[in-house]
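The values are calculated or read from the model by the stated rules, or taken from the named source; none is laboratory data. Model, not experiment: these values are computed from the prediction. We place every Cβ from the backbone using ideal geometry, glycine too, and count neighbours over all the protein chains shown. When the accessible area is computed, the model is the full protein with side chains, heavy atoms only, and any ligands, DNA or RNA have been set aside. Shrake-Rupley method; radii C 1.70, N 1.55, O 1.52, S 1.80 Å.
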Amino acid sequence: MLCSYKLWVQASYPPHLKLLNQNSNIPIPKTKTQFQRKSLDSRFDDIDDDADGSGLRKFALPSHVKSITSTSNPFVKHCLKLKNSSSYRHSHASALVVGITPIREIYRYKESSQEKTVIDCLLLLENAEIPEGLDTHSCHVVRVGSMVMKKLSGVQSAESIEAIALMRFPTSFLNLTVDQNKSDSQSWFPSTHRILVLDGIQDPGNLGTLIRSAMAFQWDGIFLLPGCCDPFNEKALRASRGASFQLPIVSGSWYHLQTLKDTFNMKMLAGHPDIDGKLKKPFSLSQEFVHSVAHVPSCLVLGSEGRGLSEKSQLKCELVSIPMTGKFESLNVSVAGGIFLFMLQPKN
């Protein structure tokens, strides 16, 4: 059960008034300072927990707030929690997107696909121009000071980052371990010809890069097996350049993945180096192999760089290796993944 997120300020009285108030019924009138304090902090009292009955926590910034200069502001603290805590992000179904380029890419994609834009609040550096192409009538624009921008962006030079967007998770993101009502695998992805499956990818930079590459080569979606980092992690979002908000992402277990495979009769492939002594000899990622699976719905499983594929992935999948004439036995997973995604990309 989620607890209510309530902001409050404890009143401060001089010692003699405090004592008098505790031992008598004489009312103590509020001072002008106390009224001002209440007025300032009540701007953030309309935080609504589960306002729409969705079960998600809400933190609504009042519409009259147009500028924030203090890093101690409650909304800034809320944004920092979204940035640093995966559980907090998912309880609010929101994330911070840093930088004008990924914000614009997400906005343009949503516009072209006729989906509702997910920008709840756009934080702009003082005196910065509103990014070209953004419809600011549909989102709350707030000007922030350089210290606030530096703290939220995590970069030393606030001038290099002029915009941060608070965005709701896209409807294309689905966590099957939480949402038990989405058991119909036919609704998980609009198309299932090519699905990238990530098995225990914990490095957010690698995960974000793979999502971005999958988007670039027109794969249909991402399936995250247990052990993967949060695709809305700050570093993952930076590496994906907004692709996490554009490509359908489903998080689930091998049980869910098996259901997807059986429903669409998909071939299970897994990237794996060609190392002597393995029980299964990998296929080579040759043009002949690529041609043989060109019209076959397929999942490609990639494991973490350090641990590699899980034992279950090795048993369930046909192993495929990248032919290399050099003496290295393996590549970084994001580099190897880019090669696999390019070679196996859907053919129009």
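The range 59-168: Rg/Rh from Cα coordinates, Kirkwood Rh?
Result: Rg/Rh = 0.93.
What per residue convex hull volume, in Å³, do the alpha-carbon atoms of the range 173-344 yield?
110 Å³
Only Lys, Arg, Asp and Glu count, each charged at its Cβ (+1, +1, -1, -1), so figure out the dipole size of the range 173-344 about its Cα centre, rounded to 20 debye.
Using only the charged Cβ atoms, the result is roughly 120 debye.
Which pairs break 20 Å Cα to Cα here: LYS83/LYS150; LYS77/LYS151; LYS235/LYS261; LYS81/LYS151; LYS150/LYS235; LYS280/LYS347?
Beyond 20 Å between Cα atoms: LYS235/LYS261; LYS280/LYS347.
Report the relative contact order of the range 195-248, percent, no decimals, based on alpha-carbon pairs under 8 angstrom and at least 6 residues apart.
Computed over the range 195-248, the figure is 48 percent.
Quick check on packing: order 282-288, 80-86 by the mean number of other C-beta atoms within 10 Å, highest mean leading.
Averaged packing, sorted descending, gives the order 80-86, 282-288.
Report, as a whole number in µm² per second, the diffusion coefficient that Stokes-Einstein gives for the range 125-255 at 20 °C and 1.002 mPa s using the Kirkwood radius over alpha carbon pairs.
D = 130 µm²/s.
ALA128's amide H: which non-local residues (gap 5+, or another chain) put their own amide H closer than 5 Å, with H modeled 1.01 Å from N in plane and none for Pro or chain starts?
Placed amide hydrogens put nothing under 5 Å from ALA128.
Tell me, what HN-Hα J-couplings in whole Hz come from the Karplus equation 6.51 cos²θ - 1.76 cosθ + 1.60 at θ = phi - 60° for each residue of the range 92-109, using x for Gly and Pro?
9, 6, 9, 8, 9, 10, 9, x, 5, 4, x, 4, 5, 4, 5, 4, 5, 5
For the range 289-294, just list the computed ³J(HN,Hα) in residue order, Karplus coefficients 6.51, -1.76 and 1.60, θ = phi - 60°, integers in Hz, with x standing in for Gly and Pro.
Here the 3J(HN,Hα) series is 5, 4, 5, 5, 10, 4 Hz.
Express in Å², to the nearest 10, the accessible area of SER334 obtained by rolling a 1.4 Å probe over the protein heavy atoms while all chains stay in place.
Approximately 20 Å² of SER334 is accessible to the 1.4 Å probe.
Show the residues, 5+ positions off or on another chain, whose built amide H is closer than 5 Å to the amide H of CYS121.
For CYS121, whose amide H was placed from the backbone, the distant partners under 5 Å are HIS140, LEU166.
Under the Karplus relation 6.51 cos²θ - 1.76 cosθ + 1.60, θ = phi - 60°, what is the ordered set of whole-Hz ³J(HN,Hα) values for the range 177-184, x standing for Gly and Pro?
6, 9, 8, 6, 7, 9, 7, 7
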